[in-house]
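Participant: Would you mind keeping the following structure in view while I ask a few things?
The values are calculated or read from the model by the stated rules, or taken from the named source; none is laboratory data. Bear in mind that the values here come from a model prediction, so they are computed numbers and not experimental data. Cβ coordinates were reconstructed from backbone atoms using ideal geometry, including for glycine residues, and neighbour counts include every protein chain displayed.
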Amino acid sequence: MKAVILAAGEGKRLRPFTETMPKVMLPIANKPIIEYVFDAIKKTGMDEIILVVGYKKEVIMDYFKEYKGIKITYIIQDKQLGTAHALLQAKDNLKESFIVLAGDNIIDDKGIQKLIQDKSEYSIIVKEHPYPSKYGVVFLENQNLKEIVEKPKEEIGKFISTGIYKFPMNVFKKLEQLNKQGIHDLSSVVESLLKDGILFSTNTADSWMDIVYPWDLIQVNEIMLQNIKGSTSGTIEKNVIIKGDVSIGKDTKIYSGSYIVGPVIIGEVCEIGPNACIFPSTSIGNNSVIHPFTEIQNSIIMNDVHIGSSSFIRNSVIARGSILRHNFTSSSDECTIEIEGEFKKVENIGSLIGEDCTIENHVVVDPGVIIGRKCNISSMKRIRKNIQSNSKVM
Amino acid sequence: MVKCVILAAGEGKRIHPLTYTRPKVMLPVANKPIIEYNLLNAINAGLKEFVFVVAYKSEMVRNYFGNGEKYKVKIEYINQGEPKGTAHAIGVVERFVDDFIVLCGDTIFGENDIKNILNTKNSIGLYKLDNPKEYGIVETKNDKIVKIYEKMDKPFTNIINAGIYHFDKKVFDFIKKTDRSPRGEYEITDTINMMTEKSIVSSVILKEWRDVVYPWHLLDANEEVLKKLDEKIEGTIEKNATIKGKVIVGKNTIVMNGSYIEGPVVIGENCKIGPNCYIRPYTSIGDSWHIGNACEIKNSIVFDNSNIPHQNYVGDSIIGSGCNFGAGTKVANLRLDKNNIIVTLNGKIIDSKRRKLGVIMGDNVQTGINSMINIGSFIGNNVSIGPGAIVKGVIEPDSKVM
Amino acid sequence: MCGIIGYNGFRDADIVILNGLKKLEYRGYDSAGIAIIDKKQQVYKEIGEIKNLEEKLPKIKGTIGIGHTRWATTGGVTKNNAHPHLSTSGKIAIVHNGIIENYVKLRENLEKKGFKFVSQTDSEIIANLIEDNYKGNLKDAVFSAIKKLEGYYAIVVTCEDEPDKIIGARLQSPLVIGVGDNENFLASDIPAFLKYTNRVIYLNEAEICVLTKKDVKVYNKDEKVVDKKENVIDWNIQDAEKSGFPHFMLKEIYDQPDTVNQVLRGRISEIHRNINFNENVENLLNSNISSIQIVACGTSYYAGLIGKYIIEKFTDTPVFVEFASEYRYFGLKHESSLVIAITQSGETLDTLAALREAKNSGCKTLVITNVVGSTATRISDAYILMQSGPEIGVAATKTFTSQIIVLLLIALKLGMIKNKISAVQLYEYIRYLREIPRTVRDVLNKNNEILDIAKQLKNAESVFFIGRGVNYPLSLEGALKLKEISYIHAEGFAAGELKHGPFALLTKSTPVVVIATKDATYDKILANIGEVKARGSQVIAIAEIDDTEIEKHADFVLRVPGGSGVLPSIPIIVVLQLLAYHVADLRKCSIDKPRNLAKSVTVE
């Protein structure tokens, strides 16, 4: 059986991080999100992935030629009209029943396995969720799907649709028909199929995580880091303390006096310390340098990042290529953040800094502040509000 | 003339770091590569012509065995080209064989079992295993093969596919029809399942069987093989050295005053043992070793050209070639709570099912004085461990722990 | 420049040879062919890429054969001129890489004897020459034939009367033996057979080898058997793909933030403030060096010119940059000088020859290359790898930036050794190096702006590139990139030289690309822009991001992040690459495989 993975979307709510790469390529514990999906598929024994790409497709295509023996066939969706439209693009590469899933949801293999073994033609994975109103809430009848209510205002049910389906080839007739009517999202297609009296059996997922907002990255990173296994590469100087599961990449140097408490993953060719402290649930990408006396906890530091001495970073995301000179502080607290016109309350969030920023000495960033890509901030500033990409703070 | 095809192409990723520098079949057990036991047993079973299917670091297999002259047999080599599975590996020998036995070079098979397979055309070897979860299991009916199944969580039988077969030319037609498995490889088990539909495939139940999946299985294999060896002393034993039980000492090896060796132990050639060291049972020591004053080694395999020279303890460990232990470097091999030792391999947690396990050390590792290595550690090739450093867990190749 | 392969073994020869040719396609790709002995010689040739041959090839039985991928030198691109060539009787087949200088004379002689020729190539005479000398022993015939050849060659020969062997011979063109089990290989380059064996024998000049399925015999030019050592190759060839980019060149331009990290990997330390190379290189750089000669061809030569500026700046050691093809014959070779050869492939014939000459004269030799195990790495005292991964586009992009970074690292290292750079300065430079991936990304994000400028250039007949100082070699490189893929005539000049001649060529329809960074000569370059404008030409300036003066002078401005003082601005190179790429793309040129050019040039 083949799996169709939809990975064409941009993930606007994750800007500025998605300005140069598609959402599915954002790193969680130093692996692109979509790699977790591949891992689950690999475990189920499926042998081919049809990957629908669009927004910044080259980044994905350059990274994955195939995945641990699984063939990847790329399908390009030129315009990101919607998930149903994306699936339609894969039609010619499919011959029999298939699984469709989103590239930006982390799922365990057992749920997919249930879906594969399910005898009915149409099938869906559902999941109990603490905040169902963000998603399509599902109603069941005799274990079959009865109705999906998208983003209900009131709490009407606990189970939501994960957007993972098994479809027979017949589904394409419906997709084509609705495509002509300008309906491009998959949940509308499913609703229409339900109206036609098609039975969808339901299966539940053990774990399923969706990444919608920047702070989801930090949370999911924390969860996925729990699976990290300790392994040491590079050079570890004397008097470095490493506790718990810490994975250190090739050619990385950890200098004397540094204190690292796992779970932590540090990529390749980094330089850390002397006397730097890295505390749990932190991922540091490749080619990053963390200068002396800096403390980092529960954060995602991507590739090529420079963090100067005596900085303090907590509950934050620092994107690729950013330079934070010395004494940078990210304050972290509960706050309300505006994303694409929505106001979201977030518990304990630090700063969210986009790609290739330069932040000079002694800058303090208030909780939940989003700094866009390629911003320059001069020294001794306190940043209280979000800053658009390509801005300068003098 | 029946030929014997030995599959020796695999890298053995699960035995990193030891297999970074040698193919899996060349890992030593009691100072001989695994594959040599198969060769010798097959020769004793009456086989004279061999085809080795090689690929990963094939030059090491070839340099060791040559054309088979020293065994008075003929050995040919075929490069598999790409690692595309067992069916593919067997497929490449098509032009070289007619009636033939195939066996996996990384599993040790017994002489009598090979003989039985040899006498049963179109057969596969089966083995009864207490816990067959990790292996492909086989459904049989009146000694005939019905079907081979992939490994299962709840296997319905304890009969497993042992990895030894007797085929003739017909197998190649089926191999050509074999499709890629979900793993993306051409598997001989799929081929056999096709054959059982069209013709009769017999079974032979094996008496001996020892496969090596994880590095510590080498220690089990080592123990088994050492038990069977006979004493043979070719080197020099100095006065006041004590040799107890079955001990093999190679040429030009000198066992110095005050050394105490409890067999079964095998020591290679050109070694300098002692003075005053203690070598305990089930230890295999390769060629050109120096084990010096106040050192203790037990239940371990140490490859060639390494040194454990001063005040060292090594237990339940495997040490690669070219390693040098600094004075006082010691290896822990038992948890304080005496529970099974859990190791991490390729990011997976695995219960080694051993209460005692020291270090799996690759080649050319240097340790500084008084450094310590904790239980169940994996140390990659060319790692340097500084003086007084404490090492645990997985240390990737070329790392430095100061 | 061509790729050749021979196979003698047990596998289906057509599959082995086609796979091998695909790995050799970088050496040429205008036509390809194979000849397999299945009782008789079965020859198939096609014009175009190897894919083309593969599609049209019927299944051929037979386990011995030869193959060829061609880049035409003598004789046009036709099916007849494609290799393999058969002798008049059709029994002997050959493939050839190289040039036979006396082929006209040999051909006349053979024609007099009644041999027939069907192609215009120099290679075909080899087949007939061997047949002319054939007296029942192919090896003897090959020996007799090659004695009459002038020029250089790598050839592989089969004969249907001796269907158990293939014979190879080489003089100055590459040919390696792959030693397998029950099979043996011959090819221009190792990747062609690496899938099947990692044991190779390198042939020396003028040696001949005879390969049966079971063994390999090598003879020297006196026909004596020589004992050869097998070398075990310990590397993998990764397959390159376009990854959604329309061309390899564009992909390789976009690879640069990564390849920069790769070339820096393990070589710089920000905390230690140090630059590390492997021991051989460090020893070489630590030895007493009175002068440095950089020898290279093409793009690598321009990298060398940039190297001259930076090495001289940091070390006060005189640096001379020479074309390898000139240096080998005319260059001054002094024992106390360090010769740095730059060659992406490690197989560029002229550079190898220059390297050998230098070595024979007692010079210390250092090679900067991208290919592990290439000839250059084997014949030099030490080598530095660019670690850029395979570069498929014929126009060098990522390897050029990597070459410059290696030269920069050498300059900084030498500066440290000679105490010309302080630890504080070094830290600043290391920070600059660390930030290169970021500045390159910055330029890549300006892709659309550069595309707009490219539209201005696409109909030009001629484009000038000018700059001063380190920007002068950048101008040369910019011009080279443009001409090699867009076929627009382009020249690079030192800005101060315009008035000494090139102005005569300048017309209103000659756009001028000016590289104007804020260095000591910034005012001068503004004056140069004035001179150009006065002649009515369009000026496209590449300037630093905070330069507010420049738009008063230039018609179009492309901005790049500033470099760190003397360090060359890698981002400028990326701008020039994208500019050339877009012009070529707008003109619908064959970007990855420009006409008449091959990736690595192993002929003189």
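Participant: So in the range C:250-270, with the set limited to residues that are in contact with a Lys or Arg (Cβ under 7 Å, 6 or more places away or on another chain) and assigned to a loop (DSSP other than H, G, I, E, B), which one is surrounded by the fewest Cβ atoms within 10 Å (Cβ to Cβ)?
Facilitator: Going through the qualifying residues, I end up with C:Glu270.
Participant: Quick one: which helices (runs of 4 or more DSSP H) lie wholly within the range B:1-119 and hold at least 1 residues that are aromatic (Phe, Trp, Tyr)?
Facilitator: B:34-44, B:58-65
Participant: Filter the range B:382-393 for residues that are more than 13 Å from A:Gly234 (Cβ to Cβ), hydrophobic (A, V, I, L, M, F, W, C) and either assigned by TED's automatic domain parsing to the domain that holds B:His16 or crowded, with 19+ Cβ neighbours inside 10 Å (or both) and give the result.
Facilitator: Scanning the range B:382-393 gives B:Ile385, B:Ala389, B:Val391.
Participant: So which of A:Ala29, A:Ala8 ends up being on the phi < 0 side of the Ramachandran plot and buried (at least 17 other Cβ atoms within 10 Å of the Cβ)?
Facilitator: Sole residue among the options that is on the phi < 0 side of the Ramachandran plot and buried (at least 17 other Cβ atoms within 10 Å of the Cβ): A:Ala8.
Participant: Give the residue that is nearest to the other protein chains (Cβ to nearest Cβ), with candidates limited to residues of the range C:271-282 that are outside any strand (DSSP E or B) and surrounded by 16 or more Cβ atoms within 10 Å (Cβ to Cβ).
Facilitator: C:Ile271
Participant: So if I check each of C:Lys56, C:Lys61, C:Lys40, which one is within 14 Å of chain B (Cβ to nearest Cβ), surrounded by fewer than 24 Cβ atoms within 10 Å (Cβ to Cβ) and either at negative phi or among the hydrophobic types (A, V, I, L, M, F, W, C) (or both)?
Facilitator: C:Lys61
Participant: Then there is this: Tell me the residue from B:Ala162, B:Ala87 that is touching a residue at least 60 places away in the same chain (Cβ under 8 Å), assigned by TED's automatic domain parsing to the domain that holds B:Ile205 and hydrophobic (A, V, I, L, M, F, W, C), please.
Facilitator: B:Ala87
Participant: Would you tally the residues in the range C:165-195 being more than 14 Å from every other protein chain (Cβ to nearest Cβ), small (Gly, Ala, Ser) and not in a strand (DSSP E or B)?
Facilitator: Qualifying residue count for the region: 2.
Participant: Does the range C:311-328 hold any residues that are under 13 Å from C:Glu357 (Cα atoms), surrounded by fewer than 23 Cβ atoms within 10 Å (Cβ to Cβ) and either in contact with a strand residue (DSSP E or B) (Cβ under 6 Å, 6 or more places away or on another chain) or in contact (Cβ under 8 Å) with a residue 24 or more places away in the chain (or both), and which are they?
Facilitator: C:Ser325, C:Arg328
Participant: List pairs: first residue in the range A:253-271 and more than 16 Å from A:Asp304 (Cβ to Cβ), second residue of a type in the set (Phe, Trp, Tyr) and surrounded by fewer than 23 Cβ atoms within 10 Å (Cβ to Cβ) anywhere in the structure, Cβ distance under 9 angstrom, at least six positions apart or on different chains.
Facilitator: Partner pairs satisfying both residue conditions: A:Tyr259/A:Phe279; A:Ile260/A:Phe279; A:Val261/A:Phe279; A:Val264/A:Phe279.
Participant: For residues in the range C:223-242 being surrounded by 10 or more Cβ atoms within 10 Å (Cβ to Cβ) and at pLDDT 70 or above, which is nearest to the other protein chains (Cβ to nearest Cβ)?
Facilitator: C:Val232
Participant: Here is a follow-up. Say whether the condition of being surrounded by fewer than 21 Cβ atoms within 10 Å (Cβ to Cβ), on the phi > 0 side of the Ramachandran plot, free of Cβ contacts under 8 Å to residues at least 24 places away in the same chain and not assigned by TED's automatic domain parsing to the domain that holds A:Ser123 is met by at least one residue in the range A:184-200.
Facilitator: No, every residue in the range A:184-200 fails to be surrounded by fewer than 21 Cβ atoms within 10 Å (Cβ to Cβ), on the phi > 0 side of the Ramachandran plot, free of Cβ contacts under 8 Å to residues at least 24 places away in the same chain and not assigned by TED's automatic domain parsing to the domain that holds A:Ser123.
Participant: For A:Ser256, are the conditions met, namely being surrounded by fewer than 19 Cβ atoms within 10 Å (Cβ to Cβ), away from chain B (no Cβ under 13 Å) and polar (S, T, N, Q)?
Facilitator: no
Participant: Between a residue in the range C:446-466 that is in the same structural domain as C:Val513 (by TED's automatic domain parsing) and any residue that is at pLDDT 90 or above and charged (D, E, K, R), which pairs come within a Cβ distance under 7 Å, given they are 6 or more apart or on different chains?
Facilitator: Matching pairs, first to second residue: C:Phe464/C:Glu491.
Participant: Please tell me if A:Ile125 is touching a residue at least 40 places away in the same chain (Cβ under 8 Å), among the β-branched types (Val, Ile, Thr) and within 17 Å of A:Val37 (Cα to Cα).
Facilitator: yes
Participant: Condition (residue is assigned to a strand (DSSP E or B), hydrophobic (A, V, I, L, M, F, W, C), within 14 Å of chain C (Cβ to nearest Cβ) and touching a helix residue (DSSP H, G or I) at 6+ places or on another chain (Cβ under 7 Å)) applied to the range A:54-68: is it met by at least one residue?
Facilitator: no
Participant: Follow-up question, since we're still on this one. Every residue in the range C:392-424 that is outside any helix (DSSP H, G or I) and in contact with a helix residue (DSSP H, G or I) (Cβ under 8 Å, 6 or more places away or on another chain), please.
Facilitator: Those that are outside any helix (DSSP H, G or I) and in contact with a helix residue (DSSP H, G or I) (Cβ under 8 Å, 6 or more places away or on another chain): C:Ile392, C:Gly393, C:Val394, C:Ala395, C:Ala396, C:Thr397, C:Lys418, C:Lys420, C:Ile421.
Participant: Can you tell me which of B:Lys133, B:Lys151 is within 14 Å of another protein chain (Cβ to nearest Cβ), within 22 Å of the chain's Cα centre (by Cα) and at pLDDT below 90?
Facilitator: B:Lys151
Let's see how each residue does on (1) buried (at least 24 other Cβ atoms within 10 Å of the Cβ); (2) within 14 Å of another protein chain (Cβ to nearest Cβ); (3) assigned to a loop (DSSP other than H, G, I, E, B); (4) modelled with pLDDT of 90 or more:
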{"position": "C:Thr197", "(1), (2), (3), (4)": "yes, yes, yes, no"}
{"position": "C:Val200", "(1), (2), (3), (4)": "no, yes, no, no"}
{"position": "C:Ala206", "(1), (2), (3), (4)": "no, no, yes, no"}
{"position": "C:Val210", "(1), (2), (3), (4)": "no, no, no, yes"}
{"position": "C:Val218", "(1), (2), (3), (4)": "no, no, no, yes"}
